[in-house]
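Before we start, here is the structure in question, set down as structure tokens.
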């Protein structure tokens with residue numbers, strides 16, 4: 001028995017040593033990206049920022065994403081479509097000067113653990129956070145997909161901070177573009193946090209809003225782009241000057257195309273979209289499109305991925321496209337490789353976007369690559 005116990009201890013130590021050796025090799029000491037591998041922060045801990053996006057402020061990149069932590073389980077209400085989940089922990093933030101070495105800035109919007117009716121309660125869904133900076137108000141504004149466990153609420157939530165590293169103050173959630181705007185609401189009904197029970201929201205029940213992103217024009221106007229109408233159509237919705245509310249102006253795009261995970265960027269005066277189909281956590285073939293105006297009309301370009309693995313977007317799903325600071329033609333496709341059986345172990349796939357002579361984007365798989373390869 002003693003010998004057996006010693007053997008178990010020895011094997012456990014050997015396993016821990018092996019993990020440490022592997023982890024140390026993934027600290028990106030060669031300044032390269034390794035899509036699909038474990039990425040460690042500057043403390044040597046796996047980065048936990050899924051479904052995220054990046055804000056550039058000054059000379060620093062801020063990466064915001066969902067903290068997927070704890071047990072992955074399947075609620076009965078989602079079993080039919082495979083909607084496994086972890087309880088909400090909050091939104092993580094990481095900062096970097098070079099996109100390689102990331103410092104953990106902590107949980108900048110923690111979940112609510114006591115008040116069950118709160119929008120941010122651990123039993124809810126909190127996905128795809130994006131943060132933009134408002135030059136007029138000096139506030140950092142976060143929008144994200146907020147939902148009930150069964151995904152029937154289909155709302156968007158808003159939080160603000162005076163600093164890119166938080167803490168963010170939760171303000172409210174909405175179903176956008178109902179035609180009843182905040183200035184017409186009683187003052188005590190404009191913010192919904194800190195309630196023992198969910199507030200009646202019939203006065204602000206608008207369009208369904210799930211997977212989402214944000215886009216800011218050169219003139220400072222901001223737009224909220226989200227999957228709506230049971231995910232069948234994308235809405236491109238203009239935000240108020242303070243970025244806290246929709247103003248009621250929106251365009252329906254890709255009607256009936258069932259797109260999720262939208263990522264929008266601008267290059268040489270044209271707007272580009274990369275998105276996915278709707279297959280839950282399972283990967284599918286990416287889509288792309290181009291337009292002369294953010295509100296369209298949009299022309300679909302097909303799957304931007306090329307080569308082996310293109311039919312499943314290299315087993316990943318889009319979340320954001322980043323224009324790299326200081327480089328003319330450096331665009332990075334950011335995606336998540338979801339592990340539906342262990343969501344905490346989901347990985348990140350970042351790949352450069354290339355453009356041909358006709359300005360058509362393409363994404364090729366690379367086991368490793370670095371920024372020096374980009375213009």
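Hey, rough spin-label estimate for residue 354 and residue 270, points 7 angstrom out along Cα→Cβ, what's it come to in nanometres?
About 1.7 nm, to one decimal.
Per the Kirkwood formula on distinct C-alpha pairs, the Rh of the stretch 40-373 is how many angstrom?
The Cα-based Kirkwood calculation yields 20.1 Å.
Let me ask something else about it. R0 = 41 Å: FRET efficiency of residue 162 with residue 74, Cβ-based, nearest 0.05?
Computed FRET efficiency for residue 162 and residue 74 comes out at 0.55.
Only Cα pairs under 8 Å and at least 6 apart count here; give the relative contact order of the stretch 40-373 as a rounded whole percent.
12 percent
What spacing in nm lies between the two simple spin-label points modelled at residue 365 and residue 303, each 7 Å away from Cα in the Cβ direction?
Modelled inter-label distance: 1.2 nm.
Follow-up question, since we're still on this one. I want the antiparallel fraction of DSSP beta bridges within the stretch 40-373, as a percent rounded to 5.
95 percent
No lab work stands behind these numbers, since they all come straight from the coordinates. Keep in mind that what you see is a predicted model, and the values were worked out from it rather than measured. With ideal geometry, Cβ positions are generated from the backbone for all residues, glycine too; neighbour counts draw on all protein chains shown.
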